[in-house]
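Read the structure below first, then the notes.
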Ligand code: PMP
């Protein structure tokens with residue numbers, strides 16, 4: 001694993017080997033931590049690293065922290081500055097993934113959210129593809145249901161809630177699929193194991209609304225904007241029924257890790273023509289240009305290191 005040499009840990013940048021928590025830490029014992037997943041893209045021609053939408057990522061992270069009654073002095077700007085400091089320290093010149101985490105840092109037993117100290121950490125890892133088959137993914141409907149907002153905040157990136165994602169991912173992988181689609185408690189298609197979903201139906205781009213227990217993805221938000229402004233597509237945020245994906249023209253998944261992954265089969269049924277469709281292909285090309293800092297119009301989404 002290409003882990004960073006340094007990490008941000010409890011207030012300062014330290015060698016990764018010194019960034020350690022106790023086995024008695026609340027966040028470890030109870031999953032009371034919230035995290036982000038941010039990517040940085042290396043542009044070889046420009047010899048520059050671009051961090052994609054860090055403000056939005058940190059804003060969501062601070063919202064997740066708020067849902068777990070965490071208190072912090074950090075705001076979006078100070079978290080971006082700390083990210084740049086950490087990236088400069090290790091002088092990254094490749095594609096990377098950053099993992100910031102706020103966690104309940106007290107030691108000892110006692111499940112609750114209040115009267116606990118909150119800490120922040122971040123490390124970096126070299127990163128390339130997450131879904132190997134990202135132009136031709138085969139997925140299944142998971143037998144697991146997506147966490148419900150009345151169980152664990154679904155719009156928060158809560159560490160403990162990722163047991164749900166892990167169950168979904170492992171069962172799909174062991175059954176030979178690249179990924180899974182997950183229904184919420186109402187039976188609507190919610191998302192993948194750690195990515196949002198979109199379908200093209202009758203030429204309209206459709207994605208579940210933020211009230212269907214999805215994580216409010218930054219990639220999702222970016223794709224909606226690109227589809228409307230650059231492809232002139234109509235985009236609807238509405239609930240999606242299970243069988244709609246069988247008759248959709250196109251299906252794809254979005255996420256920081258998964259980027260834009262074309263789904264070409266669902267439970268062995270071809271989606272549309274059974275190959276990546278034109279809308280997915282166009283969005284992938286647009287998105288790649290934006291991420292690498294090659295699209296001037298969306299330069300404000302990137303922070304250059
Ligand atoms: N859903 C879940 C459960 C996720 O973990 C992620 C990845 N953060 C996403 C969706 C996609 O969100 P984003 O585009 O912000 O990475």
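Once a ≥ b ≥ c are taken as the square roots of the eigenvalues of the Cα gyration tensor of the chain, is the result rounded (a/c under 1.5), prolate (a/b larger than b/c) or oblate (a/b not larger than b/c)? Judged from the Cα gyration tensor, the chain comes out oblate (a/c at least 1.5, b/c at or above a/b).
Find the relative contact order for region 57-209 and round it to a whole percent, using C-alpha pairs within less than 8 Å whose residues are 6+ positions apart. Write out the running numbers ahead of the final one.
On the way: 180 pairs, mean separation 27.9, N = 153.
With pairs under 8 Å counted, the relative contact order is 18 percent.
For region 104-230, the square roots a ≥ b ≥ c of the C-alpha gyration tensor eigenvalues yield an a/c of 1.5 or more together with a/b exceeding b/c, which makes the shape prolate. The fewest-to-most ranking of 169, 104, 221 by surrounding Cβ atoms within 10 Å reads 221, 169, 104. For a modelled paramagnetic label at residue 94, 7 Å from Cα along Cα-to-Cβ, the residues of region 1-29 in reach, with backbone nitrogen under 13 Å, are 1-5. The mean sequence separation of alpha-carbon pairs under 8 Å and at least six residues apart, normalised by the residue count of the chain, gives a relative contact order of 20 percent. Computed on region 1-76, the Cα convex hull volume stands at 134 Å³ per residue. Shown for 283, 16: other C-beta atoms within 10 Å of each C-beta, ranked fewest to most, produce the order 16, 283. Exposure proxy for 17, 142: other Cβ atoms within 10 Å of each Cβ, ordered fewest to most, give 17, 142.
The angle between the Cα long axis of helix 218-230 and the main principal axis of the chain comes to about 40°, on a 0 to 90 degree scale. Dividing the summed -39500 (n - 2.57) terms of all DSSP H runs of n ≥ 4 by the residue count of the chain sets its mean residue ellipticity at 222 nm at -8000 deg cm²/dmol.
Averaging Cα coordinates gives a centre for region 275-305 and one for region 30-78; these two points are 20 Å apart. For the options 21, 168, 197, a Gaussian network treatment of the chain with springs between C-alpha atoms closer than 10 Å singles out 21 as fluctuating the most. For the chain, modelled as a GNM whose springs connect Cα atoms under 10 angstrom apart, the maximal fluctuation among 31, 274, 108 occurs at 108.
Of the DSSP beta bridges with both residues in region 196-256, give the percent that are antiparallel, rounding to the nearest 5.
On the way: 8 of 11 bridges.
Within region 196-256, antiparallel bridges account for around 75 percent of the total.
For the chain, the longest principal axis of the Cα atoms and the long axis of helix 162-174 meet at an angle of about 50 degrees. Here the contact order of region 6-126, divided by its residue count and restricted to Cα pairs under 8 Å and six or more residues apart, works out to 37 percent.
Read-outs throughout are calculated quantities, based only on the coordinates presented, and are distinct from any laboratory measurement. Source: prediction; values computed, not measured. With ideal geometry, Cβ positions are generated from the backbone for all residues, glycine too; neighbour counts draw on all protein chains shown.
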